[in-house]
Amino acid sequence: MSVPYMQSHSDSQNKMQSSYPYGYPMNCNISRAFVEMTEEDRKCLEERKYWCFMLSSIVTFCVSMLLVVAWRIITHLFCQRREKDDEPRVAPSAITANGNKHLALPKSEFEGIKQEEKLGWMTEAKDWAGELISGQSLTGRFLVVLVFLLSLGSLGIYFYDASFQNFQVETCIPWQESPSQQIDLGFNIFFLVYFFIRFIAASDKVWFLLELYSFIDYCTIPPSFVAIYLQRNWLGFRFLRALRLMTVPDILQYLNILKTSSSIRLTQLVTIFVSVCLTGAGGVHLFENSGDFFKGFINPHRITYADCVYFVLVTMSTVGYGDIYCTTLCGRIFMVFFILGGLAMFASYVPEIADLIGNRQKYGGEYKGEHGKKHIVVCGHITYDSVSHFLQDFLHEDRDDVDVEVVFLHRVVPDLELEGLFKRHFTKVEFFTGTVMDSLDLSRVKVSDADACLVLANKYSTNPDAEDAANIMRVISIKNYSSDIRVIVQLMQYHNKAYLLNIPSWDWRRGDDVICLAELKLGFIAQSCLAPGFSTMMANLFAMRSFKTSPHTPSWLNDYLRGAGMEMYTEKLSEAFVGLTFPEAADLLFTRLGLLLLAIELKDEEKKECNIAINPGPHIRIQPQTQGFFIAQSADEVKRAFYWCRQCHDDIRDVTLIKKCKCKNLSLFRRNTRPSQVKVAGRHAEALQPLLGVMEREPLLPGPGQSVQLRMLDHSRHKPQSGVSSNMMMPSNGRRSSLSIPPDGRGVDLGKEFEQQDMKYDSTGMFHWCPARNLEECVLERHQAAMTVLNGHVVVCLFADRDSPLIGLRNFIMPLRASNFHYHELKHVVIVGDIEYLRKEWKTLYNLPKISILNGSPLSRADLRAVNINLCDMCVIISARVPNTEDTTLADKEAILASLNIKAMQFDDTLGFFPGAAGGLVDGGIGSPSVTTLQRKGARFGTNVPMITELVNDSNVQFLDQDDDDDPDTELYLTQPFACGTAFAISVLDSLMSTTYFNDSALTLIRTLVTGGATPELELILAEGAGLRGGYSTSETLANRDRCRIAQIALSDQPYDGISHHSTYGEMFSAALKYYGQLCIGLYRLHDADNADSMKRYVITNPPAELRIKNSDFVYVLQQFDPGLEYEPGKRLY
């Protein structure tokens, strides 16, 4: 019946080819030309055997299921009967063969023995099979990968067999003559073995037989053996091997290729989609090329497998071009059911795949750095503001050969503004999505190979402690992943630094460091109380800025910008400086090379550590390979100190011509010569000798010229004070004495000599200390404060309430209580603020002397007048309240209002105690003794009150000074309030991260200058949470007093002999360093010298040697500690 039908079908095809030029109509559904079957094929297909192949699969499944279920039933019945038989054997006691009675085993132990008896060969086989195929073992992973590869091979054989031009679904070719069939048989034998291994390892055999991959084996393995028996082949369901593609995610995870959840999910979606499409195409290919079985297979639709894949994709996407479609009834029924699931899968999987691919292409993947090129990882608070400040400083042109890539790691995808910033620096910057809390993300950015890891903090966080806790957890995760990585972290609160010490791998010797924003911010402000404008100078030093000016720039701004372009650098001193004392080397570097040498690094060979000595004095000589700390415009300028050679450069006057020379001295110096042992080890060890006796110290004045300081010192030693009671002598080194005489005895105890106290300093000797006091002892009411003589003090206007987070006022008070100040030099600190907030801060302040509290409001003029704000040396306005997150411009509203309120105040008949000279000082001779006199002193207008205001938002600086002409969009450092030192913003500390990375010693130097001398030993003590501990004065602790401090000297007092109005700055620098041991670092000059009422000044950092000084200038100096220093009224020291 079938042969005549096929012959007639062939005749119709021939007629169709004669009717159309291409052999088929334009809308024909035939994808390839029909190939006439051979006579052998016709005879073979007269009796089809496809049902045998299908029956083998069905029988295999049914028999397997029947055997498993039968085994379960038999096992269940047998076990129940055995348990009943075993119950009578359990007795409380038993008689042994020799008549001895013994107790029976407890029930639990008996059950344990029964359980061990059940563990037979089947359980051992199950454990063996489970370990064999487990993905946790190497053998299991190998088997899974091998099965996948062989499945792909079997699928490839299917594609090969389906691609013949005379392809038939069922053929009569014996397997001995078909190489592809033989190879496929070998594959199926392996699949059969693997099936039995999986069957043995399965815990539930029934569910194993119902798994997807088990059905794949049913449909593909038995037909291959049936083909040998029937001597024919049936293509059948071999396309189901495509479903094995869904194991790709597991295999890639075994090989440790897929690590992130997004990549795993993407691979799962893609493999499921592809395998379903290939399987659906195989079903269409089978049914269409076979024809309908109930019609005797007389209507086959000749279609290739590739066309089937195309047809399935077009149908699933709901496009449906109609160029290819199913013609057989079986194919159409199959497509009905396939579309129901395929359409839903296409609609859900494709958008998710597109979303994962889109995100992964941008910020996924791994960092692939160039070999030998350094990179750092930056994480934490990643925003446009924090990143722009960091990159602006890190990638500054003044840095010497910065060849470091910056890799940012953050969980949130960058916004358009931040993305644009990354694109502008695409050659140096890369961004990856992820978190440092995940080891996979750390491996993606190659943290173990990174040069350092930087953790940024959110300076405007509403919960500083929570922000610090998050950053500390980031450090723990980083150190846990790579203990050797160098970590630099920003923290908000000082007391949270202690938690970093609990990390075992945290080691400052390897470069690990923490930048405490509260500590440095309040330290900068405290130093401005001692030397107004010093905060601006230091902030400009560690921020990278270029000096650019124009002819239209005002002269004051030109001087300020030149100083603002200075930065701090380190470089080794050349062989030409070896043997020189520090003052000699510093004078040579400044006068000949235009470099300012601040400090040197002293090496202790015994302790194997280095200490920084700031202006150490003439008893320290330069050793070979000594590293110096310089202030200069760029790193190229500092190279002069390394290249300097007396033989080659002594006659050169143009410092730009000082380059590397070829003389013998420099070549010897470049050979990493072992430095000789430093004579004085440690930062403060040089103080031991002067403390043994002031007379043994080398005098600072070798010549007849005497300074005011030494005149007063000699006079106080050799000539008794007359006419002045000892209780009335209030020595001070400031413009006004820091004097407070409360009516009820609060404040300074004038009746007890300070030197008679047993414990005067803390246990480290770095800070003044006093016994703990209750808060109520230091609280002043308004009427008490008004009756208290407060003069030359520091007023702190503090905005806070009981719910405000702690800002760490100890960081502000401690620099003002440094032990390198004498007790009578300490400025009294009066805090105006909320008493409830100060109760929380008091446990860190009660061991620091000279503190009073006025429970009031900084906006109340009555409270401000009560504390004599017009007689203070500095008014500090700070806030501890949480910034406004909705409108950041309102974050500083209280500080700005307080500043404007003070400037609007007027003061009349100002009286104050001021140490003046009765009879005056004779220029060039010995003056009369200093006495405390009642004089008209202080500011008459609030605009002349020295003030510094802390700002949260940089843009709010425009509201502080109504008289300036600054543009509202001007950068902070270019505004007049910042240049004058009357405003300070925490954003200037952003540059410290890059400064610390390039030079970790620079942060140590800055911290030493700003904090007053905080040491690692002191931080360990404060980490205990009990505050400062008092200590007895020993030679070791007293030696810690001998350290450099910042001072500000008024040139109007003519402190240097031979230096007067219009002398050059270079002349003053040499004289101060040579004869007085003072290192000049800058000037504080009047902004408008022609206006007699104007007190506004600006900072000039490291002026050029040719700059003419003015009589009204104040000079910043780093001066050494003198144990015999006495007060003098004519000198301004802070």
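The values are calculated or read from the model by the stated rules, or taken from the named source; none is laboratory data. Fair warning: this is a prediction, and the values are worked out from it, not measured in the lab. Quick reminder, even Gly has a Cβ in these numbers, built from the backbone with ideal geometry, and neighbours come from all protein chains shown. Quick note on the areas: whole protein, heavy atoms, side chains included, nothing else; ligands and nucleic acids left out. Shrake-Rupley method; radii C 1.70, N 1.55, O 1.52, S 1.80 Å.
In nm, to one decimal, how far is the Phe196 label point from the Arg782 one, both placed 7 Å along Cα→Cβ?
Result: 10.0 nm between the two label points.
Local charge sum around Leu798 (other residues, Cβ-Cβ under 11 Å, Lys/Arg +1, Asp/Glu -1)?
-4
Could you list, bin by bin from short to long, the percent of Cα-Cα pairs of segment 231-298 in 5 Å steps?
P(r) for segment 231-298, in whole percents per bin: 3, 16, 18, 16, 13, 10, 9, 6, 5, 3, 1.
Check which residues have an amide H placed less than 5 Å from Arg881's amide H, if you skip close sequence neighbours.
Under 5 Å from the amide H of Arg881 lies no amide H from a residue far enough along the sequence or on another chain.
Mind giving me the FRET efficiency for Phe159 and Asn256? R0 is 30 Å, r the Cβ-Cβ distance, nearest 0.05 is fine.
Plugging the Cβ-Cβ distance into 1/(1 + (r/R0)^6) gives 0.45.
Just how large is the dipole of segment 117-268 about the Cα centre, in debye to the nearest 20, putting +1 at every Lys and Arg Cβ and -1 at every Asp and Glu Cβ?
Taking the Cα centre of segment 117-268 as origin, the dipole is about 340 debye.
Please give the per residue volume of the convex hull enclosing the alpha carbon atoms of segment 830-905, rounded to a whole number of Å³.
In segment 830-905, the Cα convex hull volume per residue is 106 Å³.
Give me Rg over Rh for segment 755-856, both radii from the alpha carbons and Rh done the Kirkwood way, two decimal places.
Radius of gyration relative to Kirkwood radius: 0.96.
Evaluate the Kirkwood expression for the hydrodynamic radius of segment 541-619, namely the inverse of the mean inverse distance over all pairs of different C-alpha atoms, and round to one decimal in Å.
Computed over Cα pairs of segment 541-619, the Kirkwood hydrodynamic radius comes out at 15.1 Å.
Evaluate segment 346-495: find the radius of gyration of its Cα atoms, find its Kirkwood radius, and give the ratio Rg to Rh.
0.99
Students often get this wrong, so check it: of Lys374/Lys446; Lys840/Lys893; Lys603/Lys760; Lys374/Lys497; Lys259/Lys446; Lys423/Lys459, which have C-alpha atoms separated by over 19 Å?
Violating the 19 Å Cα-Cα cut-off are Lys840/Lys893; Lys603/Lys760; Lys374/Lys497; Lys423/Lys459.
Can you give me the solvent accessible area of Asp441 with a 1.4 Å probe, rounded to the nearest 10 Å²?
10
For segment 509-583 and segment 219-295, compute the distance between their C-alpha centroids and round to whole Å.
Between the Cα centres of segment 509-583 and segment 219-295 lies a distance of 70 Å.
Report the gain in length on full extension from Lys43 to Leu146: 0.36 nm times residue separation, minus Cα-Cα distance, nm rounded to one decimal.
33.1 nm
Per the 1.4 Å probe, what fraction of the accessible area of segment 384-431, in percent, lies on carbon and sulfur atoms?
Carbon-and-sulfur percentage of accessible area, whole number: 50.
May I ask for the net charge around Glu584, where only other residues with Cβ less than 11 Å from the Cβ of Glu584 are counted and Lys, Arg are +1 while Asp, Glu are -1?
+1
So, R0 is 35 Å and r is the distance between the beta-carbons of Thr75 and Ile264; what FRET efficiency does that work out to, to 0.05?
0.35
How high is the FRET efficiency from Ala125 to Ser443, r the C-beta distance, R0 45 Å, rounded to 0.05?
0.70
Binning at 10 Å from 0, report for segment 277-410 what percent of all alpha-carbon pair distances ends up in each bin.
10, 25, 17, 10, 11, 14, 9, 4, 1
For segment 220-350, taking Cα atoms only, what is the radius of gyration to one decimal and the Dmax to the nearest whole Å?
17.2, 54
Taking the Cβ of Pro1104 as the center, what net charge do the other residues with Cβ under 12 Å away carry, scoring Lys and Arg +1 and Asp and Glu -1?
Spelling it out: positives minus negatives among the neighbours equals 0.
Listed highest first by mean packing, meaning other Cβ atoms within 10 Å per residue, what order do 653-659, 864-870, 891-897 come in?
With the highest mean Cβ count within 10 Å placed first, the list reads 864-870, 891-897, 653-659.
Amide H to amide H, which residues 5 or more places from Ala452 or on other chains are under 5 Å from it, using H placed in the peptide plane?
Long-range HN contacts for Ala452: Val377.
Determine the dipole magnitude for segment 781-825: charges of +1 sit on the beta-carbon of Lys and Arg, -1 on that of Asp and Glu, nothing else is charged, the reference point is the Cα centre, and the result goes in debye to the nearest 20.
Roughly 80 debye, rounded to the nearest 20.
Quote to one decimal, in nm, the extra length available between Phe426 and Cys52 on full extension: 0.36 nm per residue of separation minus the C-alpha distance between them.
Stretched fully, the Phe426-Cys52 segment lengthens by 128.1 nm.
Please work out how much length the chain gains when fully extended from Ala1023 to Leu210, using 0.36 nm per residue of separation minus the C-alpha to C-alpha distance, in nm with one decimal.
286.4 nm
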